[in-house]
Structure formats: structure tokens, C-alpha cells
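The values are calculated or read from the model by the stated rules, or taken from the named source; none is laboratory data. Fair warning: this is a prediction, and the values are worked out from it, not measured in the lab. Note: ideal-geometry Cβ built from the backbone for every residue, glycine included; neighbour counts use all protein chains shown.
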Amino acid sequence: MNKNTKPLKYIFENHFHQTWNNIKHKFPKNLHSSIWNNVSKFLDCGDISRGYTAFKCTTCSHMHIVGFSCKSRFCSSCGKIYAENWALKLKDELLDVEHIHATFSLPDGFCRNFFFYNCHKLADLAKAAYQALKYSFKKLGIHSFGAIINIHTFSRNLDWNPHIQCIFTFGGYDKNQKWKNIKTIPYQVLRKSWQKCTLDIIAQYAKTNNHRNLKNKISLCYHKYKTGFYVNSDKKINNIFEIAKYIGRYLARPAIAEYRITNITDSTVTFWYQKPDSSKKII
């Protein structure tokens, strides 16, 4: 690998086309063009043959050329810039109160697979998380609150794992528009509400498409997960500057940072990741 070539670009330049031909049948056909377009943009990012900006020193006449960026969120470089700019814009809209970070998860298997083959429903998944929060807050006498919701489709080891990352105010306004602080989140209510709102998406799809098999799986899901779907929140953030920083670094990050890739061969890519409850690196 050329020392000036970044690991991800090297991998896609040398292996994407062949790999894509072998795995594209696993992806819904309506996503093929989008996947191809974003990879193509990423590979052309910074290529001066695709356009550039030239900077000339007025003293020594030295010319510095910078290739146009691709602006794709798939790109590890442009995606990072997008996340940081998004966080800065949000800073002016944040309430200067304590916030909490929560992860809304789906069980492995049926639920995750449904959203893989119906990616157009991921936006509804974000709405489901908000509706679950809204219902839970009403139980505390709160009628309006602030929330930033972001969809992640990958886990730390890069497996398909659609879930919601959310930062929301640790409190809100009551029906008289007076701010009300809370001591804790009603997790039992939130988990069951998150489960219902999620399964309602699948149920509506099953009804529209007369999909009896999905209806049976929904029923089994309620039976198997009697306490609801998993929701975890353990990170409190105390001011808008930390919130904006946290959003840019964590909520809208690319799937993998370049520095996590430790080795590349013609047949394997080695990278490390960490579990949420451990600092140990897993290869």
C-alpha cells in the first residue's frame, strides 16, 4: 500500500468492485445505485482530475492545489466534517440544561433483518424512538422536551445493527410551560413503549402488504421480550458546549475511523474495536 494512500481508500480502490459482485445479491436492489454512487464519490474525493482549487502565494508564486471533496457522508473524511458542522449548527438550538445520552436497541434476528430489507423504514424508527420518549415523559407530567435523534446502522464490530442514538433533555416543560426537572427515567415504560412503537412500524407494513408471516413474528416478539426492547442511558452531559462536542464526536461519526485499521492484506482487513463496558481492544 502506498504510504500516502489512506487505508479505507486503498481497500475500496483494490477490492470493492470484485467484492461487490459477490455480495450485492444480499442488498435490496433499490439500494444498489445509492451504494455504488457513494463509493464512487468517495474514491474520487480529492482527485484533482475531477476538479480542484488552486492557491498561489503572491510573494513566491508557489502554487498549492487542493482537489474537490466529495461531500458524501460515506467518506470518512467528509463524513467527519459533516458531523462537526452539524453539531456546530445545533449548538445554537440547544437548551442550556442537563441532557442525557441514550441508546435504543433492537433484538438480533427478525427486527434487525426487517429494517435491512426495508431501509426506507429507518426514518420511521427514529420517529418511534421520539414517540416512546414522548409517552414516557407524559407519565412524568412533561408535555414538551428537547431531543436529538440519530440513526446508526452498524455496531462497533461493523455488523448490521440498526439502533438509535439519542440525546434528550433531562426534564422538560409541563402543561403550564414551566420547566420541570426529573430524578430518573421510567425505564420500564420507555422500553415497552419503544418496543410497541417499533413493532407498530412492522405491523403496519405487514397489514399493507398482507404479510401473515410478519404478523406471527410480531406476536412472538412480544412474547419473547416481555420487558420491552433494550434502552440504555448512562451518560449525562451538563452544558451546551459539551453536548455539541459529544454530538460531533459520537452521534454522527463514520462507521469506522482510519486509525482502527491495523493491517491490510489481499484477503483480510484487521481492525480493533471496544465494547461499551470495557477499554480492552478486540481485534
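When you look at Asn232, is it under 30 Å from Glu93 (Cβ atoms) and either loosely packed, with under 14 Cβ neighbours inside 10 Å or of a type outside the set (A, V, I, L, M) (or both), yes or no? Taking the combined requirement at face value, the residue satisfies it. Selection of the stretch 255-283 for residues being over 22 Å from the mean Cα position of the chain (by Cα) and surrounded by 10 or more Cβ atoms within 10 Å (Cβ to Cβ) yields Thr262, Asn263, Ile264, Val269, Thr270. Between Ile218, Ile201, the distinction of being under 28 Å from Leu140 (Cβ atoms), surrounded by 15 or more Cβ atoms within 10 Å (Cβ to Cβ) and among the aliphatic types (A, V, I, L, M) belongs to Ile201 only.
Of all the residues in the stretch 15-57, those that are closer than 21 Å to Ser76 by Cα, aliphatic (A, V, I, L, M) and without any contact (Cβ under 8 Å) to a residue 24 or more places away in the chain number 2. For Asp234, the requirement of being modelled with pLDDT under 85 and either on the phi > 0 side of the Ramachandran plot or in a strand (DSSP E or B) (or both) is met.
Which one of Lys80, Lys56, Lys89 is exposed (fewer than 14 other Cβ atoms within 10 Å of the Cβ) and modelled with pLDDT under 85? So that I can check it myself, show each step before the final result.
Details: Lys80 fails: exposed (fewer than 14 other Cβ atoms within 10 Å of the Cβ); Lys56 fails: modelled with pLDDT under 85.
None of the other options fit; the residue is Lys89.
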